[in-house]
1. Output the residues belonging to region 97-113 that are outside any helix (DSSP H, G or I), surrounded by fewer than 16 Cβ atoms within 10 Å (Cβ to Cβ) and touching a strand residue (DSSP E or B) at 6+ places or on another chain (Cβ under 8 Å).
2. Could you say whether any residue in region 114-130 is part of a loop (DSSP other than H, G, I, E, B), of a type in the set (D, E, K, R), out of contact with any His (no Cβ under 9 Å at 6 or more places or on another chain) and at negative phi?
3. With region 1-92 as the region, which helices (runs of 4 or more DSSP H) entirely inside it contain at least 2 residues that are without any contact (Cβ under 8 Å) to a residue 60 or more places away in the chain and among the polar types (S, T, N, Q)?
4. Within the bounds of region 59-68, is there any residue that is surrounded by 16 or more Cβ atoms within 10 Å (Cβ to Cβ), modelled with pLDDT of 95 or more, among the hydrophobic types (A, V, I, L, M, F, W, C) and under 24 Å from Ser4 (Cβ atoms)?
5. With Gly71, Gly59 as the choices, which residue is within 11 Å of the ligand (Cβ to nearest atom) and not basic (Lys, Arg)?
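The values are calculated or read from the model by the stated rules, or taken from the named source; none is laboratory data. Remember, it's a predicted structure, so these values are computed and weren't measured experimentally. Don't worry about glycine lacking a Cβ; one is built from the backbone with ideal geometry, like all the others, and counts go over all protein chains shown.
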Amino acid sequence: MSLSGIGFDSHRLAPGRALVIGGVEIPHDRGLEGHSDADVLTHAVIDALLGAAGLGDIGQHFPDTDERYRGADSIALLEHVMRLLAQEGLRVLNVDCTVVMERPKIAPYKQQIVERLADVLGLPPRRVNVKASTGERIGFVGREEGVAALAVASIAEAG
Ligand code: MG
């Protein structure tokens, strides 16, 4: 039996911050603002996994009031979630996600993002799909005020 979960996240774009998407730093004049490194895609993936496992959400596990997570590398948070899944006897089948960002284009970094996430998720790259969409110049994404990401994960009992 497979279980599925959904994840959504958004972060504000601000000057003087790094733009980290799926564990990959993308050169840009602004980056994502947040308590951790604000890796919007990794946060959406974490919520999809926690949702599929019935383990709540990212805010419950890594509260933004907790100083331990200030500037946290979100890939390390994803690794922690993978350990929680393993403790529950669960493995990931696949992850599909969409980054909604006006600029810059993530196409040149897509493969690197897929490989980074696949490595942490213990999956072949083919089972991690990263899609890109824009805000068509409308809304907070289109005005380049922020970036959003959506993810769906399927997991199953290991063995
Ligand atoms: Mg977030």
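1. Scanning region 97-113 gives a single hit, Lys105.
2. Looking only at region 114-130, we keep the residues that are part of a loop (DSSP other than H, G, I, E, B), and these are 122-124.
Checking which are of a type in the set (D, E, K, R) leaves us with none.
No, region 114-130 contains no residue that is part of a loop (DSSP other than H, G, I, E, B), of a type in the set (D, E, K, R), out of contact with any His (no Cβ under 9 Å at 6 or more places or on another chain) and at negative phi.
3. The helices (runs of 4 or more DSSP H) meeting that bar are 74-87.
4. no
5. On the way: Gly71 fails: within 11 Å of the ligand (Cβ to nearest atom).
The conditions single out Gly59.
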